[in-house]
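Each remark here refers to the structure printed beneath this line.
No lab work stands behind these numbers, since they all come straight from the coordinates. Bear in mind the structure is a predicted one, so any value in this text is a computation, not a measurement. We place every Cβ from the backbone using ideal geometry, glycine too, and count neighbours over all the protein chains shown.
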Amino acid sequence: IINILILRHIYNYMILRSIKLILLFFLIISCEKDDICLEGSANTNRITIGFMNNETESLTSISLINIRGVKKDSIIHETINTDQLKLPLNISSNKTDYILNYNDIIDTLSIKYRAVHEYLNRGCGFISNFILDSSTESINNNHGWIKEISIVKDSIFNEEKTNLYIHF
């Protein structure tokens, strides 16, 4: 009888231990790998702006003194010499305004768009892509340095292609 009790105790111990191991196994494999947003994951894209000489109709570099967001205290770029500019758009609005200073002449670029939010995963959350509105404009059109704005690619799903050109 003592042998039966000892065997029953060992049997119960083995079953309990097996159940614990099975639960631990399921706990380990149930953890999702997407809890961490890996470096190089997709991000919200910026608008790519190119500069075009209005007289020659050719792409050209421009020297901007600075770029500011309207109603923002900080300067986004200072003393930039480039033929292409990448600027972030406000995901909680359908319009972003930038003040561009070229040769001490200030002009305001008003970019209008529709945001398209895309869920990536739990670790990375959402990214936003944008569709440009054709009413994107230069607010100081008569007195500023921007002569014309032309949209060449209205969807912003990557930063590789130029979305609009500023003619100056």
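See the values below:
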item	result
Region 87-168 shape via C-alpha gyration tensor axes, a/c threshold 1.5	prolate
Highest average packing first - 46-59, 94-107, 7-20, 67-80, Cβ atoms within 10 Å	94-107, 46-59, 67-80, 7-20
Charge dipole of region 1-103 about the Cα centre (unit charges at C-beta), most positive-ward option of Gly40, Asn101, Ser63	Gly40
Unit charges on C-beta of K, R, D, E only; dipole of the chain, Debye	1200 debye
Dipole of the chain [Lys/Arg +1, Asp/Glu -1 at C-beta], most positive-end residue of Leu164, His117, Gln84	His117
Potential extension, Lys71-Ser18 segment - 0.36 nm per residue separation minus Cα distance	12.7 nm
Label assignment, mean projected area of the Cα convex hull in nm² derived from the structure, set (1) 10.7; (2) 12.2; (3) 14.6	(3)
5 Å binning of all Cα-Cα separations within region 1-81, expressed as whole percents from 0 upward	3, 9, 8, 9, 8, 8, 6, 5, 4, 4, 5, 4, 5, 4, 4, 4, 4, 3, 2, 1, 0, 0
Modelled FRET efficiency - R0 41 Å, Thr82 with Arg122, Cβ distances, 0.05 increments	0.65
Gain upon complete extension [Ala115, Glu57; 0.36 nm per residue less C-alpha separation]	17.8 nm
Point-to-point label distance, Ile151-Ser30, nm (Cα→Cβ direction, 7 Å offset)	4.8 nm
Percentage relative contact order, the chain, counting C-alpha pairs under 8 Å, at least six apart	22 percent
Whole-angstrom gap from region 121-168 to region 88-119, using each part's C-alpha centre	8 Å
